[in-house]
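*Asks:* The structure under discussion is supplied below as structure tokens; questions concerning it will follow.
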Amino acid sequence: MLRAACCVLRAACCVLRAACCVLRAACCVLRAACCVLRAACCV
């Protein structure tokens with residue numbers, strides 16, 4: 001039982017980490033888009 005619970009928690013951890021990475025990537029893309037828009041506005 002404990003081992004199974006441990007495995008589930010570890011899997012959940014991995015999923016959360018992956019989600020974190022995806023969110024960070026999305027954040028970077030949005031920031032880049034913002035920078036491009038600002039540059040376009042400046043020009």
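*Asks:* Within the set of pairs 6+ apart or on separate chains, which have a first residue in segment 1-18 that is free of Cβ contacts under 8 Å to residues at least 60 places away in the same chain, a second that is surrounded by 10 or more Cβ atoms within 10 Å (Cβ to Cβ), and C-beta atoms under 7 Å apart?
*Replies:* Partner pairs satisfying both residue conditions: none exist.
*Asks:* On to the next question. Looking at 13, 6, 41, 34, which is the one that is within 15 Å of the chain's Cα centre (by Cα) and part of a helix (DSSP H, G or I)?
*Replies:* Of 13, 6, 41, 34, the one residue that is within 15 Å of the chain's Cα centre (by Cα) and part of a helix (DSSP H, G or I) is 13.
*Asks:* Which pairs do you get when a residue that is surrounded by 10 or more Cβ atoms within 10 Å (Cβ to Cβ), found in segment 20-36, comes within reach of a residue that is in a helix (DSSP H, G or I), reach meaning Cβ atoms under 7 angstrom, with the pair 6+ apart or on two chains?
*Replies:* Final answer for the pair search is none.
Values quoted throughout were computed directly from the atomic coordinates according to the rules given, and no laboratory measurement underlies them. Note that the structure is a prediction, hence the values are computed from the model and not measured. Positions of Cβ are generated from backbone atoms using ideal geometry, with glycine treated the same way; all protein chains shown enter the neighbour counts.
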